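Engineer: Following this message is one structure expressed as structure tokens.
The values are calculated or read from the model by the stated rules, or taken from the named source; none is laboratory data. If you're wondering where the values come from, they're calculated on a predicted model, not measured in any experiment. Here Cβ is always computed from backbone atoms with ideal geometry, including for glycine, and neighbour counts include all displayed protein chains.
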């Protein structure tokens, strides 16, 4: 799977890539997350229970915001273009939209 996310500085991130700079790796290795983002998206897509689906969406949001913070933390130019919260919310929306397709 591939989900390219455009950054305000003209670069792109693959939110579903498996490299050391990609979301899944950063969240699992550097963060305290146990469930890969790809698995959460699959669970969200097929979960019939609305309460459980919302809980999965919350986990996706947590990872999106964490990854946004980690991404912006190492790029001062990006920090001046967009807040971490806005970047995290945009990543979250891209992931949820992808899961609904």
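Engineer: Can you name the number of the only condition in (1) under 12 Å from the mean Cα position of the chain (by Cα); (2) within 24 Å of residue 8 (Cα to Cα) that residue 41 fails?
Structural biologist: (2)
Engineer: For the range 74-101, which residues satisfy the criterion of being at pLDDT below 95 and either over 14 Å from residue 7 (Cα atoms) or surrounded by 16 or more Cβ atoms within 10 Å (Cβ to Cβ) (or both)?
Structural biologist: Hits for the range 74-101 are 78, 82, 84, 100, 101.
Engineer: Are any residues in the range 46-64 closer than 25 Å to residue 14 by Cβ and not in a helix (DSSP H, G or I), and if so, which ones?
Structural biologist: Matches in the range 46-64: 47 only.
Engineer: Here is a further query. If residue 69 meets every condition in (1) surrounded by 14 or more Cβ atoms within 10 Å (Cβ to Cβ); (2) at pLDDT 95 or above apart from one, which number is that one?
Structural biologist: Result: residue 69 passes all but (2).
Engineer: For the range 20-39, give me each residue that is without any contact (Cβ under 8 Å) to a residue 40 or more places away in the chain and part of a helix (DSSP H, G or I). Write out each step before concluding.
Structural biologist: Kept after step one, since they are without any contact (Cβ under 8 Å) to a residue 40 or more places away in the chain, are these residues of the range 20-39: 20-22, 24-25, 28-29, 31-36, 38-39.
Within the range 20-39, 24, 25, 28, 29, 38, 39 meet the criteria.
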